[in-house]
Amino acid sequence: MTSKGFAMLLDAAKAAGLTERPAAGSIVDQAERDELAMVADNDPDMAAAMRKARTTLAEFLAIASAPQPGMEGFAVKIAVHDGCQAEYFWIHPFSYDGVRFSGQLGNTPRSLTRVKAGDKISFSEHEIVDWTYMDAGKMQGNYTARALLRKAPKEEREAFERRYGLDCDF
């Protein structure tokens, strides 16, 4: 893992129609500008976040296949590789045909040139490293964002948590 898109913070929120403008320079503002946050390959918080997402993936996929009222913005995150570079993208919307998943790239690539936002991509379940959706205005999953938010200034973290209902603990 060489980079993680900071845009991972908001894609599900944008998909759910939550697009009010944040304060300039805040974490939310950086996410809406689709900026990247570089994370070390061996970052323990990010590794734990991806493990948590993987262990809860089956539950998420069951919910996504039969959502309840108020649930929307279902997305999964995968790494797209280009040689030795990798960039992480939210895939929204996505579908499963019984063999492979497919969906649209939800972020604007920053380090890769072979893909662009909106491209359709197919992938396997084992490639999914995170998932998210909105449930009655509260963000669920998005463990990689939680890992990034833990390192953010307290005021920005609390503002994001209040706005999206995302608890940084997992």
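Structure data summary
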| read-out | value |
| --- | --- |
| Gain upon complete extension [Val99, Lys138; 0.36 nm per residue less C-alpha separation] | 11.0 nm |
| Distance violations [Cα-Cα > 22 Å] among Lys52/Lys116; Lys52/Lys151; Lys52/Lys138 | Lys52/Lys116 |
| Pair Asp167, Gln68: separation of 7 Å Cα→Cβ label points (nm) | 1.6 nm |
| The range 131-170: trypsin sites (Lys or Arg not before Pro) falling in loop per DSSP and having at most 14 other Cβ within 10 Å | Lys151 |
| Amide H contacts under 5 Å for Met71, placed H, 5+ residues apart | Ala136 |
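Any read-out appearing in this document is the output of simple, stated calculations on the displayed coordinates, not a laboratory observation. Not measured: the values here are computed from a predicted model. Positions of Cβ are generated from backbone atoms using ideal geometry, with glycine treated the same way; all protein chains shown enter the neighbour counts.
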